[in-house]
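J.: Structure incoming, see below.
The values are calculated or read from the model by the stated rules, or taken from the named source; none is laboratory data. Not measured: the values here are computed from a predicted model. Here the Cβ positions follow ideal geometry from the backbone for every residue, glycine too, while neighbour counts run over all protein chains shown.
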Amino acid sequence: MSKIFVTTAIVMALAAAVPAANARTAANRDTHAVQKNEALPHSVQPDEIRASKMIGSAVYDMQNQKIGSVDDVILNKDGKVNAVVIDVGSFLGMGGKSVAVEPNELKTDNNRLTLDRTKEQLKQMANYDLTNRNTGAGTSTSPAQGGRLGTGSSTGR
(Lines give C-alpha, C1' and ligand atoms only; values in the text may rest on other atoms or scores of the structure.)
Protein backbone atom coordinates (compact mmCIF):
# COMPACT_ATOMS: atom_id res chain seq x y z
CA MET A 1 0.00 0.00 0.00
CA SER A 2 2.83 2.41 0.79
CA LYS A 3 4.37 1.77 -2.66
CA ILE A 4 1.09 2.85 -4.25
CA PHE A 5 0.99 5.96 -2.03
CA VAL A 6 4.60 6.89 -2.92
CA THR A 7 4.01 6.26 -6.64
CA THR A 8 0.81 8.30 -6.58
CA ALA A 9 2.59 11.16 -4.78
CA ILE A 10 5.41 11.18 -7.36
CA VAL A 11 2.97 11.11 -10.29
CA MET A 12 0.95 13.97 -8.77
CA ALA A 13 4.12 16.02 -8.14
CA LEU A 14 5.29 15.51 -11.72
CA ALA A 15 1.85 16.34 -13.10
CA ALA A 16 1.84 19.61 -11.14
CA ALA A 17 5.41 20.47 -12.24
CA VAL A 18 4.88 19.99 -16.00
CA PRO A 19 2.22 22.75 -16.46
CA ALA A 20 4.27 25.13 -14.30
CA ALA A 21 7.40 24.45 -16.38
CA ASN A 22 5.42 24.88 -19.60
CA ALA A 23 3.97 28.15 -18.32
CA ARG A 24 7.48 29.44 -17.49
CA THR A 25 8.77 28.37 -20.91
CA ALA A 26 5.83 30.04 -22.66
CA ALA A 27 6.30 33.20 -20.60
CA ASN A 28 10.02 33.27 -21.45
CA ARG A 29 9.20 32.77 -25.14
CA ASP A 30 6.63 35.58 -25.07
CA THR A 31 9.01 37.93 -23.23
CA HIS A 32 11.79 37.13 -25.71
CA ALA A 33 9.43 37.72 -28.66
CA VAL A 34 8.36 41.09 -27.25
CA GLN A 35 11.97 42.10 -26.63
CA LYS A 36 12.95 40.96 -30.12
CA ASN A 37 10.06 42.85 -31.79
CA GLU A 38 10.72 46.05 -29.86
CA ALA A 39 13.76 46.61 -32.08
CA LEU A 40 11.54 46.56 -35.18
CA PRO A 41 9.63 49.65 -36.26
CA HIS A 42 5.86 49.48 -36.06
CA SER A 43 5.27 50.70 -39.61
CA VAL A 44 6.92 50.96 -43.00
CA GLN A 45 9.81 53.41 -42.78
CA PRO A 46 10.58 56.19 -45.32
CA ASP A 47 13.60 54.26 -46.68
CA GLU A 48 11.59 51.03 -47.13
CA ILE A 49 9.15 49.80 -49.75
CA ARG A 50 6.63 46.95 -49.58
CA ALA A 51 7.22 44.16 -52.10
CA SER A 52 3.50 44.12 -52.91
CA LYS A 53 3.72 47.79 -53.94
CA MET A 54 7.05 47.35 -55.72
CA ILE A 55 5.95 44.52 -58.01
CA GLY A 56 4.26 46.06 -61.03
CA SER A 57 5.66 49.54 -60.33
CA ALA A 58 7.19 51.51 -63.19
CA VAL A 59 10.96 52.02 -63.19
CA TYR A 60 12.37 55.26 -64.56
CA ASP A 61 15.85 56.29 -65.69
CA MET A 62 17.60 59.41 -64.41
CA GLN A 63 15.91 61.50 -67.16
CA ASN A 64 12.41 60.48 -65.96
CA GLN A 65 11.86 58.15 -68.93
CA LYS A 66 10.03 54.92 -68.16
CA ILE A 67 12.41 52.02 -68.80
CA GLY A 68 10.40 49.08 -67.50
CA SER A 69 8.45 47.75 -64.55
CA VAL A 70 9.26 45.50 -61.62
CA ASP A 71 8.29 41.96 -62.51
CA ASP A 72 9.43 40.17 -59.35
CA VAL A 73 11.59 40.30 -56.25
CA ILE A 74 13.99 37.40 -55.69
CA LEU A 75 14.88 36.38 -52.12
CA ASN A 76 17.89 34.31 -51.13
CA LYS A 77 17.72 31.43 -48.66
CA ASP A 78 18.22 33.87 -45.75
CA GLY A 79 15.16 35.89 -46.77
CA LYS A 80 17.17 38.88 -48.01
CA VAL A 81 16.39 40.49 -51.37
CA ASN A 82 18.93 39.11 -53.81
CA ALA A 83 17.65 40.65 -57.06
CA VAL A 84 14.87 42.78 -58.48
CA VAL A 85 13.62 41.53 -61.84
CA ILE A 86 12.60 44.25 -64.28
CA ASP A 87 10.47 43.69 -67.37
CA VAL A 88 11.98 45.78 -70.18
CA GLY A 89 10.49 46.58 -73.55
CA SER A 90 7.30 44.57 -73.41
CA PHE A 91 4.00 45.87 -74.67
CA LEU A 92 0.90 44.31 -73.11
CA GLY A 93 3.10 41.53 -71.73
CA MET A 94 4.68 40.58 -75.07
CA GLY A 95 7.99 41.22 -76.78
CA GLY A 96 10.06 42.22 -73.76
CA LYS A 97 12.61 40.56 -71.61
CA SER A 98 13.29 40.23 -67.92
CA VAL A 99 16.59 41.42 -66.44
CA ALA A 100 17.84 41.34 -62.85
CA VAL A 101 19.42 44.24 -61.00
CA GLU A 102 20.81 44.44 -57.50
CA PRO A 103 18.30 45.86 -55.02
CA ASN A 104 20.67 48.65 -53.97
CA GLU A 105 20.72 49.96 -57.57
CA LEU A 106 17.06 51.00 -57.33
CA LYS A 107 16.36 54.33 -55.66
CA THR A 108 13.08 55.82 -54.57
CA ASP A 109 12.98 59.39 -55.88
CA ASN A 110 9.80 61.46 -55.79
CA ASN A 111 7.78 58.41 -54.74
CA ARG A 112 8.91 56.39 -57.77
CA LEU A 113 11.61 53.84 -58.54
CA THR A 114 14.63 55.08 -60.49
CA LEU A 115 17.61 53.24 -61.87
CA ASP A 116 20.83 54.79 -63.14
CA ARG A 117 20.69 52.86 -66.43
CA THR A 118 19.03 53.45 -69.75
CA LYS A 119 16.45 51.22 -71.41
CA GLU A 120 19.04 50.32 -74.04
CA GLN A 121 21.53 49.25 -71.35
CA LEU A 122 18.89 47.03 -69.78
CA LYS A 123 18.02 45.51 -73.16
CA GLN A 124 21.69 44.54 -73.59
CA MET A 125 21.70 42.60 -70.30
CA ALA A 126 21.26 38.85 -70.11
CA ASN A 127 17.70 37.59 -69.89
CA TYR A 128 16.65 36.54 -66.39
CA ASP A 129 14.57 33.35 -66.46
CA LEU A 130 11.98 33.29 -63.68
CA THR A 131 11.55 29.52 -63.96
CA ASN A 132 14.20 26.96 -63.05
CA ARG A 133 13.41 23.26 -62.94
CA ASN A 134 16.43 22.61 -60.71
CA THR A 135 15.21 24.84 -57.86
CA GLY A 136 11.49 24.23 -57.99
CA ALA A 137 10.98 27.95 -58.48
CA GLY A 138 8.60 29.42 -60.97
CA THR A 139 5.60 27.35 -61.91
CA SER A 140 5.59 24.90 -59.00
CA THR A 141 2.76 25.08 -56.51
CA SER A 142 3.29 26.15 -52.92
CA PRO A 143 3.53 23.36 -50.34
CA ALA A 144 0.34 22.62 -48.40
CA GLN A 145 2.30 22.91 -45.15
CA GLY A 146 4.76 25.81 -44.72
CA GLY A 147 7.89 25.00 -46.68
CA ARG A 148 11.31 26.30 -45.83
CA LEU A 149 12.69 29.23 -47.78
CA GLY A 150 15.35 28.29 -50.29
CA THR A 151 15.10 24.52 -49.93
CA GLY A 152 12.69 23.76 -52.74
CA SER A 153 10.82 21.37 -50.46
CA SER A 154 8.35 21.42 -47.63
CA THR A 155 10.60 19.28 -45.41
CA GLY A 156 13.59 21.61 -45.58
CA ARG A 157 15.99 18.80 -46.55
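J.: So, in the stretch 40-88, of the ones that are assigned to a loop (DSSP other than H, G, I, E, B) and small (G, A, S), which residue ends up farthest from E105 (Cα to Cα)?
T.: So the residue we want is S43.
Quick grid of which residues meet (1) touching a residue at least 24 places away in the same chain (Cβ under 8 Å); (2) over 13 Å from the mean Cα position of the chain (by Cα):
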{"site": "R50", "(1), (2)": "no, no"}
{"site": "K53", "(1), (2)": "no, yes"}
{"site": "S57", "(1), (2)": "yes, yes"}
{"site": "I67", "(1), (2)": "yes, yes"}
{"site": "I74", "(1), (2)": "yes, no"}
{"site": "D87", "(1), (2)": "no, yes"}
{"site": "S90", "(1), (2)": "no, yes"}
{"site": "G96", "(1), (2)": "yes, yes"}
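J.: Then there's this: Suppose we filter the stretch 106-123 for residues that are part of a helix (DSSP H, G or I) and loosely packed, with under 14 Cβ neighbours inside 10 Å; how many remain?
T.: 1
J.: Additional query: Which residues, taken from the stretch 29-56, are surrounded by fewer than 14 Cβ atoms within 10 Å (Cβ to Cβ) and either basic (K, R) or at pLDDT 90 or above (or both)?
T.: Those that are surrounded by fewer than 14 Cβ atoms within 10 Å (Cβ to Cβ) and either basic (K, R) or at pLDDT 90 or above (or both): R29, K36, R50, K53, G56.
J.: Let me ask another. Given the residues A126, A100, which is the only one that is assigned to a loop (DSSP other than H, G, I, E, B) and at pLDDT 65 or above?
T.: A126
J.: Here's a follow-up. Name the residues in the stretch 68-88 that are surrounded by 16 or more Cβ atoms within 10 Å (Cβ to Cβ) and over 17 Å from R50 (Cα atoms), would you?
T.: G68, D87, V88
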